[in-house]
Amino acid sequence: MQIRIAVTKQGVDLGSYRRRVFETIRRYRLVEMGDVIYVAVSGGKDSCAALSLLREYVEEYRVDAEVKALHINLGFGYSPKLEEIVKRQAEALGVELHVAYAKDYLDILAASKASGRPICSVCGAVKRYIMNKVPRELGATKVATGHHMYDFLAYYFKNLAGQNHQWNFKILPKVEGRGLLLTKIRPLIFARPEENEAYCKSKGLPVNEVCCEYGLCGAAHAEVVEMLRAARRRDPDFDLKLMRGVVDFNTKFRPAEEEPVKKCKICGEPTSGEVCTVCRLRSLLGAT
């Protein structure tokens with residue numbers, strides 16, 4: 001698949017960007033007939049772009065599929081603001097929105113303190129739990145996220161440095177579901193964050209500049225992003241070629257055998273162990 005990023009003197013070529021995202025959706029069959037897709041939206045530009053482009057794709061190609069939005073209110077100080085922005089996004093795009101509240105499953109800050117785990121670690125575990133459980137119970141066939149090219153490349157280099165090679169095989173546009181695990185799709189895997197931002201601005205969509213008051217999530221891969229942008233000064237498509245190479249390698253050589261999915265003995269949700277992370281954290285707070 002030939003994928004190129006075209007940049008004009010005025011900035012991002014949104015036509016090229018949109019075609020590239022649609023090509024990704026088509027090639028990897030991210031949207032299929034009869035799908036009910038919930039897009040996890042945070043209030044930021046990336047997830048908003050993913051929601052809008054999936055909706056456009058379904059309408060333009062007349063696919064018999066539904067695109068809906070899921071927002072997780074994390075219960076932090078800025079969360080009410082983000083929820084309001086997400087409601088405005090859903091209204092502007094004419095999509096159904098479901099809001100889930102993390103506190104109904106786990107108090108993130110209290111669990112972080114009780115366990116000694118970083119807030120980001122606990123937050124990530126709760127979000128993964130909710131993004132699989134809630135859409136599935138609402139009838140979803142797939143869940144989509146707004147992760148972009150630099151998110152995945154930062155994850156790739158982090159795992160490479162930590163010798164967690166098996167984790168890198170998860171870097172694919174589509175990860176098929178197993179058992180209670182929903183299929184995950186990443187329509188923006190070949191898109192840059194600045195392209196997502198330019199797209200949202202062109203549509204007049206409301207977005208929040210910062211989606212984490214702790215400022216920890218984005219800082220983790222800032223150095224990788226800087227490295228990639230430095231490489232692009234010699235080769236404007238370096239980052240895209242690298243991303244294509246990672247996906248191509250994973251598609252061809254991903255191991256057939258995967259870690260078995262079990263059911264948590266407490267809540268029944270999928271887990272690799274006997275008890276899922278969320279239930280283990282809840283037990284530290286005396287929750288049942």
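The values are calculated or read from the model by the stated rules, or taken from the named source; none is laboratory data. Please read all numbers here as calculations on a predicted model, not as lab measurements. Ideal geometry is used to build each Cβ from the backbone, glycine not excepted, and the neighbour counts take in all protein chains shown. Surface accessibility is based on the protein's heavy atoms, side chains included, excluding ligands, DNA and RNA. Shrake-Rupley method; radii C 1.70, N 1.55, O 1.52, S 1.80 Å.
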Original post:
What does the charge dipole of segment 85-199 about its Cα centre add up to, to the nearest 20 debye, if the Cβ of each Lys and Arg holds +1 and the Cβ of each Asp and Glu holds -1?
Top reply: 400 debye
Original post:
Accessible area per residue of segment 15-98 at 1.4 Å probe, in Å²?
Top reply: 42 Å²
**OP:** Determine the sum of side-chain charges near A110: Lys and Arg each +1, Asp and Glu each -1, restricted to other residues whose C-beta is under 15 angstrom from that of A110.
**Re:** +3
Subject >> Positive-pole candidate from N250, C267, V224, dipole of segment 224-275, charges at beta carbon >> reply: V224
Original post:
Taking all protein chains as present, what is the carbon and sulfur share of the accessible area of the chain, in % to the nearest whole number, probe 1.4 Å?
Top reply: 51 percent
Original post:
In percent, what relative contact order does the chain have, based on Cα pairs under 8 Å that are 6 or more apart in sequence?
Top reply: 22 percent
Subject >> trypsin sites (Lys or Arg not before Pro) within segment 27-73, DSSP loop, no more than 15 other Cβ atoms inside 10 Å >> reply: R29, R62
Original post:
Over segment 151-288, what is the relative contact order in whole percent, taking alpha-carbon pairs under 8 Å and six or more residues apart?
Top reply: 21 percent
Subject >> segment 158-215, dipole about Cα centre (Lys/Arg Cβ +1, Asp/Glu Cβ -1), debye to the nearest 20 >> reply: 320 debye
Original post:
Among I266, I37, I108, which one moves the most in a GNM of the chain with springs linking Cα atoms closer than 10 Å?
Top reply: I266
Subject >> Normalised contact order of segment 100-191, rounded percent, pairs of Cα under 8 Å and 6 or more residues apart >> reply: 28 percent
Original post:
Taking Cα centroids, how far is segment 75-136 from segment 25-43 in Å?
Top reply: 20 Å
Subject >> For segment 92-145, size of Cβ-based charge dipole, Lys and Arg +1, Asp and Glu -1, in debye >> reply: 240 debye
**OP:** Just read off the accessible area of E32 with the full protein assembly in place, 1.4 Å probe, to the nearest 10 Å².
**Re:** 50 Å²
Original post:
Computed from these coordinates, which is Rg/Rh (Cα atoms, Kirkwood Rh): (i) 1.09; (ii) 0.95; (iii) 0.97?
Top reply: (ii)
